[in-house]
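See structure below.
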Amino acid sequence: MVKLSGVQCAVFMLLAWGLSPAQGMPDERPNILLLMAEDMSARVGAFGDALAVTPNIDRLAVEGVRYPNTFTTAGVCAPSRAAHIMGAHQNSFGAQHMRAASSHWPLQYKAVPPPDMKAYPELLRRAGYFTFVTNKLDYQFSGTSLGSGPFTIWDSETRAPFPWHEVPGDTPFFGFMTFLETHESGLFPRWRWPDSIPDMMLQALHIYLNWGVDDVVTPDSVTVPPYLPAVEPVRRDIARHYNNIHTMDLRVGEVLARLQADGLAENTIVIWTTDHGDGLPRAKRELFDSGIRVPLIIRWPERYRPPDVAPGTIDERLVSFVDIAPTILGMAGVDLPAYVVGRAFAGPLADVPNRYVYAARDRVDSQVDHQRSVRDARYKYILNGYPGTPGAVHLDFRDQLESMRALWELHAADQLTPAQALWFQPRPLEQLYDTQHDPHELHNLAQDPAHAPVLQRMRAALADWQAQSTDWGALPEEDMVRQFWPDLEQPKTAMPAFSYDAQGRVLVHSATEGASLGIRVDDGPWQLYTGPVQLAAGASLTAKAVRYGWQESEEAALP
């Protein structure tokens, strides 16, 4: 992939968008707003689903470009979000397990990426963007909830409905808004006695999110995929999923309407997507397309729209979630660091399309696993590290779904069809699917002599990918954690120290390699430290540091 310098990138962007450097780069850069729903495949009218009631996302599609062949790097949120935020596959920096800190796993830890790796919003922040995030972090080197670090990535972590109201002056912003309405937990039975405090909180959350929204889809109207039985619990969960999607669409509509009302629509690139496939059995957590294929839309304001892009079009290229980071960095005119393996699929740095996209599955909650997959425009190849184990396993979280309970009951009674029973059978070493003729991936072609050339090609493609970087999933998890955290104790970032340059400006540094630094003048907000600080007479300076995956340092103060 071609890597442009920061100056080359900025000039290219200015020329492409008809701007002049003399106009003032910071004032002319676009705002970028990333809207991400949870646990949702392409159940959207604009992506061909006639049952979905999604007028706001449909309108966004008419005004933007659809990317129907977008794939996440994992079928579950934390590894997928980790890959997205870093522009690199989660297993290349130790973020592959679900989750790093989980009540289902005795080792409570955080992934520790290499010292040079930074989340792309921190790079945007360094370049002068105001960055905000809503509702959820979940990158494996953070916790799930807001405020669980690293503190240097975002200017604001908030639950405010329209966080751009916090942005000072004409500063360009990057916002990442997560919509919780479509999460798998929204399908759990409501109005039941909770099993735990987290269960009670999830129930309350989804009752609140859906309050006052009428159902638009009924169980008898849904289409059930052939790998699931068309029984009432399954139909109810699918219908509820559609209804939750409708609620999410209403929230997206509110965001877009306020953006327009605030006069920001013509300056803001809007991206909408989801973090992985449907929160339904044999979808979420899996490397089938039902688990990793997601919808994606980009709406370009006219002033920033590339000349070869037309509203309402469809781009069939293969897009990986690791491609989002370089695409957004390119939109902002920010140089791409070497560790970003994705390639921009739109905007000033648009690269040649991917021939292949890759995904990984490792431990999910208490279930140890190791799968790697590669997909091209037609074929999917999956290599199983634990052949002989079934695809379907008991997971406490998923087993709360009525549809999953129905599947277990029908499996125990031997009442599943062959297509439905496949998921419960031992997995082979290799799986090969022709997704063009077998979109549900039910017919394994790995042993078919007619497909031997395809099998060899896909094997080689996967091997090439694996050879390009370290795969932390090849290590036992405890061995990996001991490399991150010696003695299984979280290291602490060294407290910042101060010095002065020849102009009397304050320099801030930490002895911890790769630490990100934050500073605060007097009682002001925390800012990312990017260079020497000219401190006014009588002003105070506070600094702290954090290496991703480590504890924050203690604060240092001057004077």
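The values are calculated or read from the model by the stated rules, or taken from the named source; none is laboratory data. Because the structure is predicted, anything quoted here is derived from the model rather than measured. Because the Cβ atoms are built from the backbone with ideal geometry, glycine has one as well, and the counts that use them run over all protein chains shown.
Right, Ile32: assigned by TED's automatic domain parsing to the domain that holds Ile271, assigned to a helix (DSSP H, G or I), modelled with pLDDT of 95 or more and β-branched (Val, Ile, Thr) or not?
Working: assigned by TED's automatic domain parsing to the domain that holds Ile271: yes; assigned to a helix (DSSP H, G or I): no; modelled with pLDDT of 95 or more: yes; β-branched (Val, Ile, Thr): yes.
No; evaluated as a whole, the condition is false for this residue.
Could you tell me which of the residues Gly347, Gly342 is part of a loop (DSSP other than H, G, I, E, B), crowded, with 24+ Cβ neighbours inside 10 Å and within 16 Å of the chain's Cα centre (by Cα)?
The unique qualifying residue is Gly342.
Would you check if there is a residue in the range 485-499 being of a type in the set (Ser, Thr, Tyr) and farther than 30 Å from Arg363 by Cβ?
Initially, the range 485-499 is screened for residues of a type in the set (Ser, Thr, Tyr), giving 493, 499.
Now narrow it down to the ones that are farther than 30 Å from Arg363 by Cβ: 499.
Scanning the range 485-499 turns up at least one residue that is of a type in the set (Ser, Thr, Tyr) and farther than 30 Å from Arg363 by Cβ.
Kindly list the number of the only condition in (1) touching a Phe, Trp or Tyr at 6+ places or on another chain (Cβ under 9 Å); (2) in a loop (DSSP other than H, G, I, E, B); (3) closer than 18 Å to Gly279 by Cα that fails for Ala160.
Just one mismatch for Ala160, condition (3).
For the range 301-339, give me each residue that is crowded, with 23+ Cβ neighbours inside 10 Å, without any contact (Cβ under 8 Å) to a residue 40 or more places away in the chain and farther than 15 Å from Tyr67 by Cβ.
Scanning the range 301-339 gives no hits.
Inside the range 244-300, can you point out the residues that are assigned to a loop (DSSP other than H, G, I, E, B), within 21 Å of Tyr129 (Cβ to Cβ) and in contact (Cβ under 8 Å) with a residue 60 or more places away in the chain?
Once the filter is applied, which keeps residues that are assigned to a loop (DSSP other than H, G, I, E, B), within 21 Å of Tyr129 (Cβ to Cβ) and in contact (Cβ under 8 Å) with a residue 60 or more places away in the chain, the range 244-300 yields Asp262, Leu264, Trp300.
What tally of residues in the range 122-157 results from selecting those that are assigned to a loop (DSSP other than H, G, I, E, B) and touching a residue at least 12 places away in the same chain (Cβ under 8 Å)?
Step one: filter the range 122-157 for residues assigned to a loop (DSSP other than H, G, I, E, B), giving 127-129, 135-155.
This time we only want the ones that are touching a residue at least 12 places away in the same chain (Cβ under 8 Å), so: 127-129, 135-144, 146, 149-155.
Residues flagged as assigned to a loop (DSSP other than H, G, I, E, B) and touching a residue at least 12 places away in the same chain (Cβ under 8 Å) within the range 122-157 amount to 21.
Kindly evaluate Ala450 against the criterion of being more than 29 Å from Gly342 (Cα to Cα) and either at pLDDT 95 or above or of a type in the set (A, V, I, L, M, F, W, C) (or both).
Answer is yes for this residue.
Quick check on my filter: what residues within the range 357-384 are small (Gly, Ala, Ser), in a loop (DSSP other than H, G, I, E, B) and closer than 17 Å to Leu455 by Cα?
Across the range 357-384, the qualifying residue is only Ala377.
Just a yes or no: is a residue in the range 187-199 surrounded by 19 or more Cβ atoms within 10 Å (Cβ to Cβ) and either within 24 Å of the chain's Cα centre (by Cα) or of a type in the set (S, T, N, Q) (or both)? Before you say what the answer is, go through the steps one by one.
Taking the range 187-199 as the starting set, the residues that turn out to be surrounded by 19 or more Cβ atoms within 10 Å (Cβ to Cβ) are 187-188.
Remaining after also requiring either within 24 Å of the chain's Cα centre (by Cα) or of a type in the set (S, T, N, Q) (or both): 187-188.
Yes, the range 187-199 contains a residue that is surrounded by 19 or more Cβ atoms within 10 Å (Cβ to Cβ) and either within 24 Å of the chain's Cα centre (by Cα) or of a type in the set (S, T, N, Q) (or both).
Within the range 284-302, which residues are touching a Ser or Thr at 6+ places or on another chain (Cβ under 7 Å) and of a type outside the set (Gly, Ala, Ser)?
Leu287, Asp289, Ile292, Arg293, Val294, Pro295, Leu296, Pro301 - these are the residues of the range 284-302 that are touching a Ser or Thr at 6+ places or on another chain (Cβ under 7 Å) and of a type outside the set (Gly, Ala, Ser).
Given the structure, is Val234 touching a Ser or Thr at 6+ places or on another chain (Cβ under 9 Å), surrounded by 12 or more Cβ atoms within 10 Å (Cβ to Cβ) and part of a helix (DSSP H, G or I)? Write out each step before concluding.
On the way: touching a Ser or Thr at 6+ places or on another chain (Cβ under 9 Å): yes; surrounded by 12 or more Cβ atoms within 10 Å (Cβ to Cβ): yes; part of a helix (DSSP H, G or I): yes.
Considered against the rule, which asks whether it is touching a Ser or Thr at 6+ places or on another chain (Cβ under 9 Å), surrounded by 12 or more Cβ atoms within 10 Å (Cβ to Cβ) and part of a helix (DSSP H, G or I), Val234 comes out as yes.
So in the range 164-184, with the set limited to residues that are crowded, with 21+ Cβ neighbours inside 10 Å and out of contact with any Asp or Glu (no Cβ under 9 Å at 6 or more places or on another chain), which one is farthest from Arg398 (Cα to Cα)?
The extreme case among them is Phe174.
Within the range 255-278, work out how many residues are touching a Pro at 6+ places or on another chain (Cβ under 7 Å) and under 28 Å from Ser185 (Cβ atoms).
Residues that pass the stated criteria total 2.
Taking the range 101-152 as the region of interest, how many residues are within 15 Å of the chain's Cα centre (by Cα) and β-branched (Val, Ile, Thr)?
Matching residues across the range 101-152 total 3.
Say we look at the range 511-542 and pick out the residues that are touching a residue at least 24 places away in the same chain (Cβ under 8 Å) and surrounded by fewer than 11 Cβ atoms within 10 Å (Cβ to Cβ); which of these is farthest from Ala494 (Cα to Cα)?
Gln534
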